[in-house]
Structures are given as structure tokens and as C-alpha cells.
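Enquirer: One structure, pasted below without further comment.
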Amino acid sequence: MSKNTIAIIILIILYTVGIIGIGGNFDDRIVLLTPINLLISLGLVFWVHPGPKPVLWKLAGICFLTGVAIEMVGVQTGLIFGSYQYGPVLGPKVFGTPLMIGVNWTMLVYCAGSTMNAMMKNQSIILKSIIGAALLTLLDVLIEPVAIALNFWNWEDQIIPLQNYVAWFFVALPLLIAYFIILKKTTNKVAILLLVLQYLFFGILQP
């Protein structure tokens, strides 16, 4: 059995259990496994990465540090995404920001970059980055209601500002440009599946 097949099976099982467990309200504590889910998901797509690992870690470092730094500023000032605070679900925080949010940004950028390379292999970096950023912003539209319901984070007055989605697009855009510059035309089939699973997971669990 190939590494890709193993990774695909694990991810499908992982997200199916998550959808059933959370959607079926079997045990509220299952949502506390979210950080483990993120680490396993990112670990699997990196495990099957079809290329040299040093450049992959370079991209991962850029995405992780940028994601965490921007979220820290966002939480502390409310100037980037709007006024919000993280709950306990995503684990340990630094300046009010879970370190797992950097893992999440890294995972989503990698998945979107792989997907754009598969769909638009010979298009320009800018066009792929714009469409990829729009794809991630659309995903956030699905994420927000679920994240609020599960106490990932909460918005002031429980209102998600339009500013949040604009910021998501403009944070994702340069990170995707970095993906295409560093990893060029790399496509990871498992990462594409993971992006689809993210859409399914948050789409099915809409409150």
C-alpha cells in the first residue's frame, strides 16, 4: 500500500469520525481533539510531499510564523480581522493566540497551493494566488459559524465583520505567492483531498 493511499484512508476516517462525533453530539469533549486532528492532517500531507523537504520546511516556517504573528496582532488590536477572542479548544496560547492557528494557516495554504497547481498548472503565479486566496476565504465563510458554535473563537457582539473575510483574502494571498515561488508547480493529491474534506467537514456541521 502506497504512502498516499495510507494517508488518504487515515484522513477519510479522521474526518468521518469528526463529523459523526461532533454532529451527533455523542461527547462534547471530542472537539478538544481538534489540535491533534490539525497536527495529524498537516503531518500526513507533509509526509507524502512529492519533493525535497528543505524547501517545504522553509514554506512551513513562513506560513506558521506569519499566521501566528498576524493573529496575535489581530487578537490584541482588533485592527486586522475585527474584534475577536480565542476559546480554549485550539490549545495553548501566546498573547491570546493558539499556536495551532499557525499550523492551520500552514495546512490551508499548502492545500490551496496544491489544488491550484492541479487545476491551473500553467497559469501565472498571481492568478493562481488570487483564486487560491478566494477559495480559502470561501472556506472561512463555512468555518466561522461552526467555529463559533464549537467555541474555537468568539466575535464581539457575535457579529462576524466583513473585515474578517477581506483580511483572510489578503493574508492568504502573499502566503500562496510564497508557495508558488518556493514549491513552484508542486501538487500533492493528499493535500487536495484534505481541502475537500475541510469543505465537507465545515459544510456538513453548519449550525
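Enquirer: Inspect the range 124-147 for any residue being charged (D, E, K, R), surrounded by 15 or more Cβ atoms within 10 Å (Cβ to Cβ) and under 15 Å from the mean Cα position of the chain (by Cα) and give the result as yes or no. Quick ask: steps written out before the conclusion?
Expert: Taking the range 124-147 first, the residues charged (D, E, K, R) are 128, 140, 144.
Those left that are additionally surrounded by 15 or more Cβ atoms within 10 Å (Cβ to Cβ): 128, 140, 144.
With under 15 Å from the mean Cα position of the chain (by Cα) added as a condition, the list becomes 140, 144.
Yes: the range 124-147 contains one or more residues that are charged (D, E, K, R), surrounded by 15 or more Cβ atoms within 10 Å (Cβ to Cβ) and under 15 Å from the mean Cα position of the chain (by Cα).
Enquirer: So if I check each of Pro54, Pro88, Pro50, which one is of a type outside the set (Val, Ile, Thr) and part of a helix (DSSP H, G or I)? Working first, answer last.
Expert: Values: Pro88 fails: part of a helix (DSSP H, G or I); Pro50 fails: part of a helix (DSSP H, G or I).
Going through Pro54, Pro88, Pro50 in turn, just one is of a type outside the set (Val, Ile, Thr) and part of a helix (DSSP H, G or I): Pro54.
Enquirer: Right, another one. State whether the residues of the range 116-132 include one that is closer than 19 Å to Thr34 by Cβ, at pLDDT below 95, outside any helix (DSSP H, G or I) and not aliphatic (A, V, I, L, M).
Expert: Residues of the range 116-132 that are closer than 19 Å to Thr34 by Cβ, as a first pass: none.
No, the range 116-132 contains no residue that is closer than 19 Å to Thr34 by Cβ, at pLDDT below 95, outside any helix (DSSP H, G or I) and not aliphatic (A, V, I, L, M).
Enquirer: Moving on. Run down Val89, Val68 and say which single residue is buried (at least 17 other Cβ atoms within 10 Å of the Cβ), at pLDDT 95 or above and hydrophobic (A, V, I, L, M, F, W, C). Don't jump to the end; show me each part of the working.
Expert: Numbers: Val89 fails: at pLDDT 95 or above.
On inspection, the qualifying residue turns out to be Val68.
Enquirer: Count, please, the residues in the range 1-49 that happen to be among the aliphatic types (A, V, I, L, M) and free of Cβ contacts under 8 Å to residues at least 60 places away in the same chain. Before you say what the answer is, go through the steps one by one.
Expert: The first filter runs over the range 1-49 and keeps only residues among the aliphatic types (A, V, I, L, M), leaving 1, 6-14, 17, 19-20, 22, 30-33, 36, 38-40, 42, 44-45, 48.
Among the residues that remain, those that are also free of Cβ contacts under 8 Å to residues at least 60 places away in the same chain are: 1, 6, 9-10, 13-14, 17, 20, 30, 32-33, 36, 40.
Within the range 1-49, residues that are among the aliphatic types (A, V, I, L, M) and free of Cβ contacts under 8 Å to residues at least 60 places away in the same chain number 13.
Enquirer: Here's another thing I want to ask about it. Can you pull out every residue in the range 31-43 that is at pLDDT 90 or above and open to solvent by less than 70 Å² (accessible area, probe 1.4 Å)?
Expert: Of everything in the range 31-43, those that are at pLDDT 90 or above and open to solvent by less than 70 Å² (accessible area, probe 1.4 Å) turn out to be Thr34, Pro35, Asn37, Leu38, Ile40, Ser41, Leu42, Gly43.
Enquirer: Determine which single condition Ile160 fails, assuming it passes every other condition in (1) touching an Asp or Glu at 6+ places or on another chain (Cβ under 7 Å); (2) assigned to a helix (DSSP H, G or I); (3) hydrophobic (A, V, I, L, M, F, W, C).
Expert: (2)
Enquirer: Let me ask something additional. Considering every residue within the range 23-30, establish whether at least one is modelled with pLDDT of 95 or more, open to solvent by 70 Å² or more (accessible area, probe 1.4 Å) and basic (Lys, Arg).
Expert: Of all residues in the range 23-30, those modelled with pLDDT of 95 or more come to none.
Checked against the condition, which is being modelled with pLDDT of 95 or more, open to solvent by 70 Å² or more (accessible area, probe 1.4 Å) and basic (Lys, Arg), the range 23-30 yields no hits at all.
Enquirer: If you go through the range 44-64 one residue at a time, how many are open to solvent by 30 Å² or more (accessible area, probe 1.4 Å) and either among the hydrophobic types (A, V, I, L, M, F, W, C) or within 13 Å of the chain's Cα centre (by Cα) (or both)?
Expert: Looking only at that region, the number is 5.
Enquirer: Could I ask something else about it? From the list Met116, Met107, Met100, pick out the single residue that is touching a residue at least 12 places away in the same chain (Cβ under 8 Å), in contact with a Pro (Cβ under 6 Å, 6 or more places away or on another chain) and either open to solvent by less than 40 Å² (accessible area, probe 1.4 Å) or farther than 15 Å from Cys63 by Cα (or both). Walk me through how you get there before you give the answer.
Expert: Working: Met116 fails: in contact with a Pro (Cβ under 6 Å, 6 or more places away or on another chain); Met107 fails: in contact with a Pro (Cβ under 6 Å, 6 or more places away or on another chain).
One residue alone meets the criteria, Met100.
Enquirer: Let me ask something else. Please state which of the following conditions Leu200 fails to meet, knowing it meets all the rest: (1) more than 26 Å from Val75 (Cβ to Cβ); (2) at pLDDT below 95; (3) surrounded by fewer than 19 Cβ atoms within 10 Å (Cβ to Cβ).
Expert: Condition not satisfied by Leu200: (2).
Enquirer: Among the residues of the range 135-152, write down those that are at pLDDT 95 or above and touching a Gly at 6+ places or on another chain (Cβ under 7 Å).
Expert: Answer for the range 135-152, where residues must be at pLDDT 95 or above and touching a Gly at 6+ places or on another chain (Cβ under 7 Å): just Leu142.
The values are calculated or read from the model by the stated rules, or taken from the named source; none is laboratory data. Remember, it's a predicted structure, so these values are computed and weren't measured experimentally. Glycine gets a Cβ as well: all are built from the backbone with ideal geometry, and neighbour counts include every protein chain shown. For the accessible areas, the whole protein counts, side chains as well, though only heavy atoms, and no ligand, DNA or RNA atoms are used. Shrake-Rupley method; radii C 1.70, N 1.55, O 1.52, S 1.80 Å.
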